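The values are calculated or read from the model by the stated rules, or taken from the named source; none is laboratory data. Note that the coordinates shown come from a computational prediction; the quantities given were computed from them, not determined experimentally. Every residue, glycine among them, receives a Cβ derived from its backbone with ideal geometry; neighbour counts consider all protein chains shown. The protein model used for the area step is the full one, side chains on, heavy atoms only, and it has no ligands, DNA or RNA in it. Shrake-Rupley method; radii C 1.70, N 1.55, O 1.52, S 1.80 Å.
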Amino acid sequence: MLPGKDFTVRADGLLEFAPGIIHPEPDIRRLADALPVLYAQNIAPSDRPLYYMYRGVCWAKDEPVFVQHEIRYDITVILPGTIEGEYIKTVGHFHPLKPHSAETYPEYYEVLEGEALYLLQKNNRSGDVEEIIAVEAKKGDKVYIPPSYGHVTVNPGSGILVMANLVERNFSSLYAPFRDKRGAAYYYLQGQGEKGEFVRNPNYQNSVALKLMAAPSLPQPTPVVKGRTLYEAFLADPEAFKFLK
């Protein structure tokens, strides 16, 4: 799926889909929902929308393939802007363990429009950060969230960020690990120049250096995505995405 072909992005960030596409009403995350993970404190709650999540999007003709393989294709739209100097971000979550496994579910992202900053964080058993990676991604880039990593997505740009993901369709995300620490181990705030700056979250007892990477330098979990969108790649070879389950 691509903006302009399968859907268009309205000025307010909501999506208008082409006829024949199955799409739910979006789940809306508002400023009031994000208060527990923001850098600034004592912000008054409001209904200001921050991002929209469309879960289970697909062409009607493709739905049986997604259902058969228990994979879901989602689209998230993150609005541009800041909250007391912090760039708008998702509230962040971790994934539960797979059944009968010591491994958590992974997730696979793709930037469709705009630019993204993905914070990938691994915690130790006490809930403190063990590793954190900031991945800069632009349109067309794919970012794999490996098992054991939680993640937060930041919109660091001046335009709307539209991203898609493939994920196992049945599990429920875990929000408490980030909420209990008031967010990830680093916040991304407006800086003096064009780029923002990372500020360490003091709610973590240990201090871990942030690793900064560009999405094209990351390994991909399957070669089938080369030259294809995630949506196209999944339909071309659903078995190649068994690692998501």
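Key figures
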{"quantity": "Selection from segment 43-69 of residues that are hydroxyl-bearing (Ser, Thr, Tyr) and either touching a residue at least 24 places away in the same chain (Cβ under 8 Å) or open to solvent by 70 Å² or more (accessible area, probe 1.4 Å) (or both)", "calculated": "Tyr51, Tyr52, Tyr54"}
{"quantity": "Tally of residues being surrounded by fewer than 16 Cβ atoms within 10 Å (Cβ to Cβ), modelled with pLDDT of 95 or more and part of a loop (DSSP other than H, G, I, E, B) across segment 20-42", "calculated": "3"}
{"quantity": "Residue in segment 160-175 that is closer than 23 Å to Thr82 by Cα, surrounded by fewer than 21 Cβ atoms within 10 Å (Cβ to Cβ) and out of contact with any Pro (no Cβ under 7 Å at 6 or more places or on another chain) present", "calculated": "yes"}
{"quantity": "Pick from segment 176-189, criterion over 15 Å from the mean Cα position of the chain (by Cα) and among the small types (Gly, Ala, Ser), ranking: least open to solvent (accessible area, probe 1.4 Å)", "calculated": "Ala185"}
{"quantity": "Some residue of segment 190-207 being under 16 Å from the mean Cα position of the chain (by Cα), of a type in the set (Phe, Trp, Tyr) and open to solvent by less than 70 Å² (accessible area, probe 1.4 Å)", "calculated": "no"}
{"quantity": "Criterion violated by Lys89 - all others in (1) farther than 22 Å from Gly159 by Cα; (2) open to solvent by 10 Å² or more (accessible area, probe 1.4 Å) satisfied", "calculated": "(1)"}
{"quantity": "Residue satisfying condition, being among the aromatic types (Phe, Trp, Tyr), more than 24 Å from Tyr231 (Cα to Cα) and within 15 Å of the chain's Cα centre (by Cα), within set Tyr39, Tyr87", "calculated": "Tyr87"}
{"quantity": "Test set (1) open to solvent by 20 Å² or more (accessible area, probe 1.4 Å); (2) at pLDDT 95 or above; (3) of a type in the set (A, V, I, L, M, F, W, C); (4) outside any helix (DSSP H, G or I) - Val77 fails condition number", "calculated": "(1)"}
{"quantity": "Residue satisfying all of: in segment 143-159; open to solvent by 40 Å² or more (accessible area, probe 1.4 Å) and within 15 Å of Phe94 (Cα to Cα); nearest to the chain's Cα centre (by Cα) among these", "calculated": "Tyr144"}
{"quantity": "Those residues of segment 160-196 which are over 21 Å from Phe94 (Cα atoms) and among the acidic types (Asp, Glu), in sequence order", "calculated": "Glu194"}
